[in-house]
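Student: Got a structure for you, questions after.
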Amino acid sequence: MEIRKFLKKEGPAYLFILPALLLFALFLLKPMVEGMLFSFFKIGLKEKSFVGFDNYIRMFREPLFWIALKNTLLFVLIVVPTKIILALGIALILSKHKHSIQSIFRGAFYLPAVSSGVAMTIVWWWIFSPLYGPLNYLLSLVGIPQIQWLGEPMWARQAVILVLLNWTTGLGIILYLTALINIPKQIYEAAEIDGAGSIQQFFNITLPLILPITLFILVTTTIGIFQVWQAIFILTAGGPIYSTTSIVLRVYQLGFQYYKFGQASAYAVILLLLMFSVAILQFKWLNKEIEL
């Protein structure tokens, strides 16, 4: 009886979302499960044999896995907090201006997010060019010698981080700006009457009220940076000396260059577990603050 009641009340709603659930299962859930299964097989163009945990053992023994893991974690640890600080800082500045000015800057900052990733990266590749790139030219005007932006490990990492920040910061600015605009002005007015300064208002009013947006930006950016490979592939192809090789780039190399699909799947499974673990920790950490 209760099931009938539930179907009568909630059934139409589930029918509406059924097509989306089917597409999710077909294009996301099914490939994910198959990828996990593939990680236990040795798969090439003409062979498929069960090898158990051999792909994982080989992966953990491979020095390049640890290099790729270190680089990936480095990108996450630098890009994610830098993006949040930059996006919030710019949004705070824009929130003090008129709506027309906000609209202009919203479009300007969001443009990299909606542009083709390949096209944007090629533009940056030209900027970093040691021979005719404008960045080295501008540095030469102030007496700084030519820098091999994509030819030296340290500078190559900085270049990739700069490109990733350029891609991702725009959306954070728009989300933070919207959240700041929607905070009632009466709260700040009451705080001023009580003698709270601008710094106290920021830490006791602004930050707590935008925590849900911060959680969303934190989790989505972290997942996005864990999956980075496009910018790296175009700018450096993982070099020099593997200094920018990420886990996803390694998945691409193993799967589509060397046709070792089993090993590539093992890398992908480890990346999935890593992203899932970090996302859970972030939710637990910030959800407590939001509930308080």
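Student: For Ile85 and Phe24, compute 0.36 nm times the residue count separating them, minus their Cα-Cα distance, and round to one decimal in nm.
Tutor: Result for the pair: 18.6 nm of gain on full extension.
Student: If eta is 1.002 mPa s and T is 20 °C, what Stokes-Einstein diffusion coefficient results for segment 4-88, Kirkwood Rh from Cα pairs, in µm²/s?
Tutor: Here the translational diffusion coefficient equals 121 µm²/s.
Student: Using the Cα atoms as the points, what is the convex hull volume per residue of segment 178-233 in Å³?
Tutor: Cα-based convex hull of segment 178-233, divided per residue, equals 93 Å³.
Student: Given an 8 Å cut-off on Cα distances and at least 6 residues of separation, report the relative contact order of the chain as a percent.
Tutor: So the answer I get is 28 percent.
Student: With n ≥ 4 as the cut-off for DSSP H runs, can you work out [θ] at 222 nm for the chain, using -39500 (n - 2.57) per run divided by the number of residues, rounded to the nearest 500?
Tutor: Dividing the helical sum by the residues of the chain leaves -23500 deg cm²/dmol.
Student: If I compute Cα Rg over 2.2 N^0.38 Å from the structure I just sent, which labelled value in [x] 1.35; [y] 1.24; [z] 1.03 lines up?
Tutor: Recomputing Cα Rg over 2.2 N^0.38 Å here gives the entry labelled [y].
Student: Given the pairs Lys9/Lys30; Lys98/Lys185; Lys42/Lys260; Lys185/Lys284; Lys30/Lys70, which are separated by over 19 angstrom at their Cα positions?
Tutor: As for pairs spanning more than 19 Å Cα to Cα, those are Lys9/Lys30; Lys185/Lys284; Lys30/Lys70.
Student: What area, in nm² and to one decimal, does the C-alpha convex hull of segment 95-228 cast on average over all directions?
Tutor: If you wrap the Cα atoms of segment 95-228 in a convex hull and average its projections, you get 11.3 nm².
Student: Take the Cα pairs of segment 165-292, get the Kirkwood Rh, then feed it into Stokes-Einstein at 4 °C and 1.567 mPa s and tell me D in µm²/s.
Tutor: Rounded to a whole number, D works out at 73 µm²/s.
Taken together, the values in this text are just the output of simple stated rules run on the coordinates, not laboratory data. Small disclaimer: the values here were computed from a predicted structure and weren't measured.
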